[in-house]
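> My questions all concern the structure below.
No value in this document is a laboratory result; all are computed from the given coordinates. Every value quoted in this text rests on a predicted model; they were computed, and no experiment measured them. With ideal geometry, Cβ positions are generated from the backbone for all residues, glycine too; neighbour counts draw on all protein chains shown.
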Amino acid sequence: MTTLSVVQRSGNEAPLFIKEVLDSLEKGSVVLDAGCGAGSFEHSRYPELVLVSVDIKRPAQAGESGSGGESGSGGESGSGGESAPKPGPANFVLGDVERLPIKDSSIDFAVMNYVLEHVSDAVATVKEAARTLKKGGLLYAALPNSRSFDDRFYRFAGYFAKYVLLKVHKRLEHQQRFDFLSLSKLFYREGFRLLSFSECPSGYTWMNDPRTRRFHSSFLRTLSFIKNVLRVDLFGRSNYLALYRYEGTNGLRIVTHVCAYCGMQLVREKGQGSGSWTCPYCGRENIHS
């Protein structure tokens, strides 16, 4: 069996992973672990940082049952994790990531590790991140690619449990769906800029849930067979990992028309009607509306 190497950042690569950013922060920096469940990383390893944890549910402690918050994953590689509860995260605050109980411009680094797909309002969640981050602050976001087999299978399993197995009170966890374009629009509109990015394969770690753990190994062997024999990769491009910097200016620009003759980008203002129009750059009449 081959032992894979740990991902290492070369000198010309920007930081991306949670640990890389945490290791680069100055002593006393304030870190928000949002929607963290039992913690998105090992908080005890960073005593020099001020850590604040927020989730809508209080995570289970050692000796208790339950899996913690509904939106945190407790790991970088995908949603879900081992069933044994971790120690409670540092400075835990019971709260909603759509209405963070955090004062304005107080956070240096925010972690949203497999959180955005679970929230009811993704726009409100990112707005809250923008409100609480300092200018130049960083935000790490990990979330599933909604076009991947992993995310589609996860949502299918949720619908199956709710409507076929009649678990009618079950909440369908993946409320939001993202591809790279929708993710970029979401963050750029609220003043963020992308610093680094990765498409991450899935380990299907969410199947470590006690209810599905017995199927995990055979499921992975089946997907490996499909990949190696049938050449269909159902692991790859399953998740997005992204590191953003908060700059505070809207980076999403709007273009409604392009001149068919000079190629310049233009905007038709509201109330200007439809039909043909004249390009203010070259003076030519465009017949397309």
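> State, to one decimal in nm, how far the label point of Tyr261 lies from the label point of Asp121, with both points 7 Å from Cα in the Cβ direction.
With each label point 7 Å from Cα toward Cβ, the separation is 4.7 nm.
> Could I ask something else about it? Looking at the chain, how many pairs of lysines come closer than 23 Å at the Cα, when each pair is eight or more places apart or spans two chains?
22
> Out of all DSSP beta bridges with both ends in the chain, state the antiparallel percent to the nearest 5. Don't skip to the answer; put the middle values down first.
Details: 20 of 37 bridges.
Taking every DSSP beta bridge within the chain, about 55 percent pair in antiparallel fashion.
> Across region 94-110, in residue order, what do the Karplus-derived ³J(HN,Hα) couplings come to in whole Hz, using 6.51 cos²θ - 1.76 cosθ + 1.60 with θ = phi - 60° and x for Gly and Pro?
6, x, 9, 5, 7, 9, 5, x, 10, 6, 4, 6, 10, 10, 8, 8, 10
> Report the gain in length on full extension from Glu173 to Ile254: 0.36 nm times residue separation, minus Cα-Cα distance, nm rounded to one decimal. Mind showing how you got there, number by number?
Working: separation 81, 0.36 × 81 = 29.16 nm, distance 3.22 nm.
Gain on extension, Glu173 to Ile254, equals 25.9 nm.
> Nothing charged except the Cβ atoms of Lys and Arg (+1) and of Asp and Glu (-1): what's the magnitude of the dipole of the chain about its Cα centre? Round to the nearest 20 debye. The partial results should precede the final answer.
Details: 36 positive and 30 negative charges, 150 e Å.
That gives a dipole near 720 debye.
> Which whole-angstrom value gives the distance between the alpha carbon centres of region 128-156 and region 1-36?
Using only Cα atoms to place each centre, the spacing works out to 16 Å.
> Would any residue of region 13-49 have its amide N under 17 Å from a label point 7 Å out along Cα→Cβ of Ser5? List them or say none.
Once the point is set 7 Å along Cα→Cβ of Ser5, 13-14 turn out to lie under 17 Å by backbone N, inside region 13-49.
> Identify unpaired cysteines across the chain, taking unpaired to mean no other cysteine Cβ lies under 4.7 Å from the residue's Cβ.
Isolated Cys, the chain: Cys36, Cys200.
> How much net charge surrounds Glu98 when only the other residues with a Cβ under 10 Å from the Cβ of Glu98 are counted, with Lys and Arg +1 and Asp and Glu -1?
Every neighbour counted, the sum reads -1.
> Oh, and also: Amide H neighbours of Asn239 under 5 Å, at least 5 residues apart or on other chains, H built in the peptide plane: list them.
The list, which skips near neighbours in sequence, is Asn145, Cys200.
> Another question about this same structure. Run the numbers on the chain and let me know its relative contact order in percent, using alpha-carbon pairs under 8 Å that are six or more apart.
Result for the chain is 17 percent.
> Further, regarding this structure: In the chain, which helices (entire DSSP H runs) extend 18 Å or more along their own long axis, judged by Cα positions, while averaging at least 1.0 on the Kyte-Doolittle scale?
none
> At 222 nm, what value in deg cm²/dmol follows for the chain if DSSP H runs of at least 4 each add -39500 (n - 2.57) and the sum is divided by all its residues, to the nearest 500? Intermediate values should be presented prior to the final figure.
Values: 5 runs with 56 residues, N = 289.
It comes out at -6000 deg cm²/dmol, rounded to the nearest 500.
> Starting from 0.36 nm per residue, how many nanometres of slack lie between Glu48 and Arg213 once their C-alpha separation is accounted for? It would help to have the intermediate numbers written out before the result.
Numbers: separation 165, 0.36 × 165 = 59.40 nm, distance 3.68 nm.
Stretched out fully, the Glu48 to Arg213 stretch lengthens by 55.7 nm.
> Please order Glu269, Glu13 by the number of other Cβ within 10 Å, starting at the fewest.
Working: Glu269 6, Glu13 10.
Ranked by crowding around the Cβ, least crowded first: Glu269, Glu13.
> If each residue of separation counts as 0.36 nm, what is the full-extension length gain between Lys57 and Leu220 once their alpha-carbon separation is subtracted?
Fully extending the segment from Lys57 to Leu220 adds 55.6 nm.
> Related question: Mean 1/r over all different Cα pairs, inverted: what Kirkwood radius does region 148-200 give, in Å?
On the way: mean 1/r = 0.0747 Å⁻¹.
Over region 148-200, the inverse of the mean reciprocal pair distance is 13.4 Å.
> Quick one, which of (1) 37, 26, 20; (2) 67, 27, 16; (3) 46, 20, 17 is the actual semi-axes √(5λ) of the Cα gyration tensor in Å calculated for this model?
Answer by label: (1).
> Identify, among Ala242, Val30, Pro201, the residue whose Cα sits farthest towards the positive end of the charge dipole of the chain, taking +1 on the Cβ of Lys and Arg and -1 on the Cβ of Asp and Glu, with the dipole about the Cα centre.
In the chain, that residue is Pro201.
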